[in-house]
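J.: One structure coming up, written as structure tokens, with questions to follow.
The values are calculated or read from the model by the stated rules, or taken from the named source; none is laboratory data. These figures come from a predicted structure and were not determined experimentally. Positions of Cβ are backbone-derived with ideal geometry, glycine not excepted, and every protein chain shown enters the neighbour counts. Heads up: the accessible areas ignore ligands, DNA and RNA and are worked out on the full protein's heavy atoms, side chains in. Shrake-Rupley method; radii C 1.70, N 1.55, O 1.52, S 1.80 Å.
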Amino acid sequence: NGDFCDGEETCDEAAGACAAGEAPCSGALSVCDEEADSCVECVSNEDCDDGSVCNGVETCNTVTNKCEAGTPTVCDDGAFCNGAETCDEAAGGACTAGAAPCSAG
């Protein structure tokens, strides 16, 4: 069929038809760009999403076809006495309180 992204077809004499090829892209360059006939890291922002909300929203640089890191969630309020707050993935990226650094005794 001439499409790059579905691999190179071969002729199946017994079936009298073309057999599908193997997808050419895998690993770090797992996204197929049919327009450029190449394997790239991304063609859209969805290709870059790593599923983590705490490290920010990743984006695709459509000039270089490379994923760019997002801006991590900053939870620390800077107050030493209430501990270091952290981003909680399980809570959808909500900030959770840290442990007080001083003992109550």
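J.: Starting from the Cα gyration tensor of segment 55-95, take the square roots of the eigenvalues, sort them a ≥ b ≥ c, and report rounded, prolate or oblate (rounded when a/c is under 1.5, otherwise prolate if a/b is larger than b/c, else oblate).
T.: Prolate is the answer for segment 55-95, as a/c is 1.5 or above and a/b outweighs b/c.
J.: Let me ask you something else. Mean separation of Cα pairs under 8 Å and 6+ residues apart, divided by the residue count of the chain: what relative contact order is that in percent?
T.: Relative contact order, the chain: 14 percent.
J.: How big is D for segment 32-105, in µm² s⁻¹ as a whole number, if Stokes-Einstein is applied with the Kirkwood radius of its Cα pairs at 20 °C and 1.002 mPa s?
T.: 145
J.: In square angstrom, what is the accessible area per residue of segment 1-76 with a 1.4 angstrom probe?
T.: On a per-residue basis, 68 Å².
J.: Taking the highest mean first, how do the peptides 70-79, 33-42 order by number of other beta carbon atoms within 10 angstrom per residue?
T.: 33-42, 70-79
J.: Which of rounded, prolate or oblate describes segment 12-70 when judged by the alpha-carbon gyration tensor and an a/c cut-off of 1.5?
T.: Since a/c reaches 1.5 and a/b is larger than b/c, the shape of segment 12-70 is classed as prolate.
J.: Using +1 at the C-beta of Lys and Arg and -1 at the C-beta of Asp and Glu, which of N61, A100, T10 has the Cα lying farthest in the positive direction of the dipole of the chain?
T.: Farthest towards the positive end: A100.
J.: Considering only protein heavy atoms and a 1.4 Å probe, what is the carbon-and-sulfur percentage of the accessible area of the chain?
T.: 53
J.: Continuing with the same structure: Set Lys and Arg Cβ to +1 and Asp and Glu Cβ to -1, take the dipole of the chain about its Cα centre, and tell me which of C48, F80, A90 lies farthest positive.
T.: Positive-end residue among those listed: F80.
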